[in-house]
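Take a look at the structure set out below.
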Amino acid sequence: MLVPIVGPVLAGDFVLDARDVKGRADFVAVVSRYTRLRRAGRQFVGLCPFHREQHPSFYVRPEKKIFFCFGCGSGGDLFDFVICVERCAFRRAVEIVAAFPGVGDSSGDEKSLLVENIGVSRHWMAHENDDMSSRYGSSSRRRSIP
Ligand SMILES: [Zn+2]
C-alpha cells in the first residue's frame, strides 16, 4: 500500500526508491541508448561513450550492474553511468532510469521524466491505486456460483 507523501521527500526514502529503480532496471537497455553493445560471453562490449575510440573497450556486466572502460578507466554502477553520460545529478539520474519501460511506475512511459521529484510520482501513484480499488469494487461483492 502506497502512502502519499506530503512535503519534501526524505533522503532516506529517496535512497530506497533509487535502490528499487536500480533493481528493476535493465542495465544493457539503459546503456544501449548511448552506445551500441554486443554480447561477449556473460558481458557486453561496445564503444565507450566517454572517450573517442576505434575498438570497443567499454564493458558492461549486467548481472552485477557495473560498467568499466579499459580505454579511459571510467567505471561504476548504473547511476554512475547515467550521471557521467548525461552530466546530471544523482537524483536526475534516478529519474532518467525510472523513465525506462517497466522500471518506474506501471505506465512506463515518458510521464515520469516530467515528474520533478519522486514524491510527486508517489503521490500520483497512490491516487491511481485509489481509483483502481473504487473501480473494481471490494472483494465482498463476489459472484455467487450457481
Ligand atoms: Zn572510455
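Scan the range 69-88 and report the pairs whose first residue is over 18 Å from D20 (Cβ atoms) and whose second residue is part of a helix (DSSP H, G or I) and within 11 Å of the ligand (Cβ to nearest atom), with Cβ atoms within less than 8 Å and a gap of 6+ or a chain change.
Correct list of pairs: S74/C84; G76/C84.
Out of the residues in the range 15-36 meeting the condition of being within 16 Å of the ligand (Cβ to nearest atom) and out of contact with any helix residue (DSSP H, G or I) (no Cβ under 7 Å at 6 or more places or on another chain), tell me which one is nearest to R92 (Cα to Cα). Step through it out loud before you land on a result.
Step one: filter the range 15-36 for residues within 16 Å of the ligand (Cβ to nearest atom), giving 31, 34-36.
Checking which are out of contact with any helix residue (DSSP H, G or I) (no Cβ under 7 Å at 6 or more places or on another chain) leaves us with 35-36.
Details: T35: 20, R36: 23 Å.
Among residues in the range 15-36 that are within 16 Å of the ligand (Cβ to nearest atom) and out of contact with any helix residue (DSSP H, G or I) (no Cβ under 7 Å at 6 or more places or on another chain), the one nearest to R92 (Cα to Cα) is T35.
Among all residue pairs at least 6 apart or on different chains, which show Cβ distances below 6 Å where the first residue, located in the range 32-56, is under 19 Å from D80 (Cα atoms) and free of Cβ contacts under 8 Å to residues at least 60 places away in the same chain and the second is assigned to a strand (DSSP E or B) and away from the ligand (no atom under 15 Å from the Cβ)?
So the pair list comes out as Q43/R61.
Give me the residue from the range 37-54 that is in a loop (DSSP other than H, G, I, E, B) and exposed (fewer than 14 other Cβ atoms within 10 Å of the Cβ) and, out of that set, nearest to the ligand (Cβ to nearest atom).
First, pick out the residues of the range 37-54 that are in a loop (DSSP other than H, G, I, E, B): 41-42, 47-54.
If we keep only those that are exposed (fewer than 14 other Cβ atoms within 10 Å of the Cβ) too, we end up with 41-42, 51-52, 54.
Details: G41: 20, R42: 20, H51: 4, R52: 9, Q54: 12 Å.
In this case the residue turns out to be H51.
Would you say C69 is at pLDDT 95 or above, surrounded by 19 or more Cβ atoms within 10 Å (Cβ to Cβ) and either within 14 Å of the chain's Cα centre (by Cα) or not β-branched (V, I, T) (or both)? Give the steps one after another, and end with the answer.
Values: at pLDDT 95 or above: yes; surrounded by 19 or more Cβ atoms within 10 Å (Cβ to Cβ): yes; either within 14 Å of the chain's Cα centre (by Cα) or not β-branched (V, I, T) (or both): yes.
Answer is yes for this residue.
So which residues in the range 59-89 are closer than 14 Å to S32 by Cα and away from the ligand (no atom under 15 Å from the Cβ)?
Once the filter is applied, which keeps residues that are closer than 14 Å to S32 by Cα and away from the ligand (no atom under 15 Å from the Cβ), the range 59-89 yields R61, P62, K65, L78, V82, E86.
The values are calculated or read from the model by the stated rules, or taken from the named source; none is laboratory data. This structure is a prediction, so every number in the text was calculated from the model and none was measured. Cβ: placed from backbone, ideal geometry, glycine included. Neighbour counts: every protein chain shown.
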